[in-house]
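FYI, it's all coordinate maths here, none of it is from the lab. As the structure is a computational prediction, the values presented were derived from the model and not from experiment. Glycine gets a Cβ as well: all are built from the backbone with ideal geometry, and neighbour counts include every protein chain shown.
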Amino acid sequence: FCDNVAVHRWLVELLVENGIDRNRIAVINGEVAKDAMRRLEISDKFNGVPEVVAPDGTIEVEAIAPAFDIVIANQAAYEGIDLHRRTCLVYHLDLPWEPSTLRQRNGRAVRQGNLESNVTIRFLMARRSLDVVRYEYILGKLRWMTDLISSSDNSLSNPAADSEIDSESLVLFMS
């Protein structure tokens, strides 16, 4: 996942340069998959269709092999797109500000019906960027929201106070 469409184009070229067949890479964003029907088509072609065999052994539905092995997406795929049948790895090339957006992104893969036993989630963080700060912010916000939902107390702590980054580390990250 990455919200920047220019990065999608760069990533496709990088993957092709490293031996991935261009025809096996799909992109879901507002530029390439402009409407919901195209996005669903990409989803279906990534997942493929398993063979359905009746109790008597006859084939009710022929299997359709997946057409794509990699899907590069942004917010156009956050809702209504199911990539869960074959996804084994999710990369976040950028980070949103809210835990709910991460949940939406991960939810494309981590859900009931996934044929993979494990789905690995990876966050790529650039050196000398605010990626680590944003990641800690998301985790602090998530902890605060979890406490809010599960707490019976009427008083709530400041979510910024839950940050695990001390002021010295924050200055180092920002410099």
* Structure fact -> The ³J(HN,Hα) series, computed from each phi in the stretch 135-142 with the Karplus coefficients 6.51, -1.76 and 1.60 at θ = phi - 60°, rounded to the nearest Hz and given as x for glycine or proline, is 4, 5, 4, 4, 5, x, 5, 4
* Asked: In Å, what is the Rg of the alpha-carbon atoms in the stretch 92-139, and how long is Dmax?
  -> 12.4, 39
* Structure fact -> Over its alpha-carbon atoms, the stretch 13-107 yields an Rg and a Dmax in Å of 15.5, 52
* Structure fact -> Summed over the other residues with a beta carbon less than 9 angstrom from that of GLY48, with K and R at +1 and D and E at -1, the charge totals +2
* Cut-off under 5 Å, modelled amide H: who pairs with VAL71 long-range -> ALA26
* **Sorted peptide list for 37-49, 71-83, criterion being average Cβ within 10 angstrom, highest first** => 71-83, 37-49
